[in-house]
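For reference, the structure discussed in these notes is given below.
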Amino acid sequence: MKKIFSSIICLLLLTATISLPAFAAEKSTELAADAKSAILIERDTGSILYDKNSHEKLPPASMTKIMTMILIMEALEQNKLSMNEKVRTSEYAASMGGSQIFLETGEEMTVEEMLRGISIGSANDASVAMAEKIAGSEEEFVDMMNKKVKELGLKDTKFQNATGLPEKDHYSSAYDMAMMAKELLRHENITKFTGTYESYLRESTDKKFWLVNTNKLVKFYPGVDGLKTGFTNEAKFCLTATAKKNGMRVVAVVFGVPSTKVRNAQISKMLDYAFAKYVTHPIYKKGQSLAEVKVSKGDTKKIQALTSEPISVLTKKGEKIESIKKTIKLNENLKAPVKKGDKIGTITIKKDGKVLAKSNLIASKDVKQAGWWKLFKRSFGMFNKTN
């Protein structure tokens, strides 16, 4: 009876990976006339507010570094790296052209300094140095990038390097870039880097280097705190931008714009539209416990299922949220070992049968496999209870 009751509670409370509710702008609205492709989404729900050829495969230039930063932030979150850890520059990393912080072969900087170089200055040399630090080589890192693309369910992206420098068969789309931005923004500390307009490297040396953000909207559009610009002769001017206002965060992406001035104007128009027309209603914060899940053969019997990101409901301004239904689906066959951050369930929020938001629930901590002695004592205890 107790088991049946628990199942009913689970069913009533709260299914599936992040999806994108359709919330498109009016058909007559043209927000990015000068872009080859563009998209505007609300970050928490992934709702699409504007779309122009968003699945067209195009060269992303340095917006590629959004994925590079995702893998850096994941390594930090998993304690595979620390911000103060030193990163040595290889001869290959130092040879990168384009945007750079002029790393010399053998020069060392901390992860934090390299991340500043990448996020503020779009440094190709720092990107490759970090790729080699994490994966051993840029080639192996690119494999990690493409695996992450598949993990996120993206169909329009293939990376050949960690920088976005021109290379055959290196492409992405506005839609995929928006989804990568959505993923990067799960790491809330990233905007401390991408939202910085200017900084310095090598401050205590005679080679002091001034970093100025390639994304000028960080300074000139209130609320913009990222994410990544891009330019090559082939790609033209590109930008994946994010801004937060009155609790709502949006992501705007443009590909193939003719100049920085036009690029900034198109993105600003998209952001203005989002903040004028829509509002988010926060439901859960990131890291909030929503349920408890049993773990089979673990050194811990139960684990908390946490929200993996902020969860909100999006409406047009003036609309109310009433009668929303929250449904949680938990992994009923969870077996040790479990790593902190592993997906162990999902939450779906609906209104009148329409999905408003979907998101993963993740493990609150590591659970190791229990030793035979612990399992024996546990089984012996259960045997005594039944008798």
The size of the Cβ-based charge dipole (Lys, Arg +1; Asp, Glu -1) of the chain about the Cα centre, to the nearest 20 debye, is 2260 debye
With only helices counted (DSSP H, runs n ≥ 4, each -39500 (n - 2.57)), the per-residue ellipticity at 222 nm for the chain, to the nearest 500, works out to -9500 deg cm²/dmol
For the chain, the charge dipole (Cβ of Lys, Arg +1; Cβ of Asp, Glu -1; about the Cα centre) points to a positive end, and the Cα of Ile344, Ala174, Thr196 closest to that extreme belongs to Ile344
A 1.4 Å probe over the protein heavy atoms gives the chain a carbon and sulfur accessible-area percentage of 52 percent
Quick tally, 1.4 Å probe accessible area for Phe220, Phe159, Phe237, sorted with the most first, runs Phe220, Phe237, Phe159
Read-out P(r) over Cα pairs in 20 Å bins from 0, in percent, candidates (i) 17, 26, 24, 16, 9, 5, 2, 1, 0; (ii) 17, 42, 28, 11, 1; (iii) 27, 52, 19, 2; calculated match is (iii)
Result for the range 151-244: accessible area per residue, probe 1.4 angstrom, in square angstrom, of 45 Å²
Counting only protein heavy atoms and rolling a 1.4 Å probe, one gets per residue an accessible area for the range 58-101 in Å² of 41 Å²
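What is the sum of charges, Lys and Arg at +1 and Asp and Glu at -1, for the other residues whose Cβ falls under 11 Å from the Cβ of Asp176?
+1
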HN-Hα couplings for the range 79-90 via Karplus (6.51, -1.76, 1.60; θ = phi - 60°), in whole Hz with x for Gly/Pro, come out as 6, 7, 9, 10, 4, 8, 5, 7, 10, 8, 8, 7
Heavy-atom accessible area of His55, protein chains in place, probe 1.4 angstrom, given in Å² to nearest 10, is 100 Å²
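The values are calculated or read from the model by the stated rules, or taken from the named source; none is laboratory data. Only a predicted model underlies this, so the values are computations on that prediction, with no experimental measurement involved. Glycine gets a Cβ as well: all are built from the backbone with ideal geometry, and neighbour counts include every protein chain shown. These area figures cover heavy atoms from the full protein model, side chains too; ligands, DNA and RNA do not enter into them. Shrake-Rupley method; radii C 1.70, N 1.55, O 1.52, S 1.80 Å.
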